[in-house]
Amino acid sequence: MKLKISAIILTLLFVAACDESGLIWMSIDPVQCLGNDWEQAWLEENGNNYELWAQLSEAEQLDIFKAFFKNEGVVIEDIDVTYPYEEVCQACSCPRGDRIHVLVDAEQLEQMLDWGFDLD
């Protein structure tokens, strides 16, 4: 019974988040310590050069974010960043303070949920 209710709620959220174009807004709260999949992939490709990553602008880091997901088959149609946290803890598992919002094809819902995204 709980599973059916959860499925119904997820379906309603999906329908509410989806516009006529078949696109949905989703968001993720990245964690600290460069522990996110896109950061880890970039570091691996760049010899674990943490210093170089620190020199990248926010726009360059978002380009890396978009490129990572494009390589995974997800086209990000639009992107926005907000800062909902006034304080964060210092543990690597804690959010770093920003929230990345992405507009993606609704067919990518399950894949994005698997990466830790939520419906906006």
* Structure fact -> Karplus-derived 3J(HN,Hα) from phi for region 39-49 (6.51 cos²θ - 1.76 cosθ + 1.60, θ = phi - 60°), whole Hz, x at Gly and Pro, runs 6, 4, 5, 5, 4, 4, 6, 10, x, 6, 7
* Asked: Expressed in nm to one decimal, what extension gain is obtained for the pair Tyr85 and Asp114 from 0.36 nm per residue of sequence separation less their Cα-Cα distance?
  -> 8.1 nm
* Asked: Check Cys94: other-chain or 5+ apart residues with amide H under 5 Å from its amide H, H built from backbone geometry?
  -> Gln32
* Structure fact -> So, over other residues within a Cβ distance under 12 Å of Arg99, counting Lys, Arg +1 and Asp, Glu -1, the net charge is -4
* Estimated FRET transfer efficiency when R0 is 22 angstrom, pair Leu56-Ser93 (beta carbons, to 0.05) -> 0.45
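No lab work stands behind these numbers, since they all come straight from the coordinates. It should be emphasised that the depicted structure is a prediction, and the values quoted were computed from it without experimental measurement. No Cβ is skipped: glycine too gets one built from the backbone with ideal geometry, and neighbour counts run over all protein chains shown.
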